[in-house]
Amino acid sequence: MKIKQLSVYLQNEPGHLSSVCRMLANANIDILTLSLADTQQFGMLRLIVKDWEPAMKLLQEAGCIVKTVDVVATEIADQPGGLAYILGIIEEANLNVEYMYAFTSHVREKAILVFRFNDPDAAVDLLHEKGVNVFGSVDLYDLI
């Protein structure tokens, strides 16, 4: 159960982030969660949206460089040690977390995290095997 994430390269200048958000808003595309990282030359906006294909097309037509990657969304106990538990499972299987970010939702006393793994299929199989709830796209969008 993987989810498509859009990765948008932005120039590190005022107005570029807001223009992307405005384009999506004008097209009635809701951003479920995002992460923004920067370098000296550009920013990397990572987005999860329900309608990722129309969002990607819209942004590409506007001249943005956009790519999709598979990420894994899972819930963890929203308490001390919740993240450490999941990371222990991942470390034991020798999987690499390339990056991660969190949702701001408190569903069923759980936190929701989005992971980018070096091997997302293996991560999904492992997490399922260990009884960790992994969200598919439909489940995630219905949850929020």
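Here are the numbers:
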{"quantity": "Odd one out for residue 76, checked against (1) in the same structural domain as residue 13 (by TED's automatic domain parsing); (2) modelled with pLDDT under 90", "calculated": "(1)"}
{"quantity": "Scan of the range 45-104 for residues that are of a type in the set (Ser, Thr, Tyr) and more than 17 Å from residue 130 (Cβ to Cβ), ordered by number", "calculated": "68, 99, 101, 104"}
{"quantity": "Candidates 75, 98, 92, 53 - the one that is without any contact (Cβ under 8 Å) to a residue 60 or more places away in the chain and over 27 Å from residue 13 (Cα atoms)", "calculated": "92"}
{"quantity": "Options 29, 48, 112; residue that is of a type outside the set (Asp, Glu), assigned to a loop (DSSP other than H, G, I, E, B) and within 18 Å of residue 4 (Cβ to Cβ)", "calculated": "29"}
{"quantity": "For residue 121: the one exception among (1) assigned to a helix (DSSP H, G or I); (2) without any contact (Cβ under 8 Å) to a residue 40 or more places away in the chain; (3) among the acidic types (Asp, Glu)", "calculated": "(2)"}
{"quantity": "Filter result for the condition that a residue is in contact with a strand residue (DSSP E or B) (Cβ under 8 Å, 6 or more places away or on another chain), surrounded by 17 or more Cβ atoms within 10 Å (Cβ to Cβ), β-branched (Val, Ile, Thr) and touching a residue at least 24 places away in the same chain (Cβ under 8 Å), over 65, 3", "calculated": "3"}
{"quantity": "Residue in the range 9-29 that is modelled with pLDDT under 95, surrounded by 16 or more Cβ atoms within 10 Å (Cβ to Cβ), within 22 Å of residue 118 (Cα to Cα) and under 18 Å from the mean Cα position of the chain (by Cα) present", "calculated": "no"}
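The values are calculated or read from the model by the stated rules, or taken from the named source; none is laboratory data. What you see is a predicted model; the values in this text were computed from it and never measured. Using ideal geometry, Cβ is built from the backbone for each residue, glycine included, and neighbour counts are taken over all protein chains shown.
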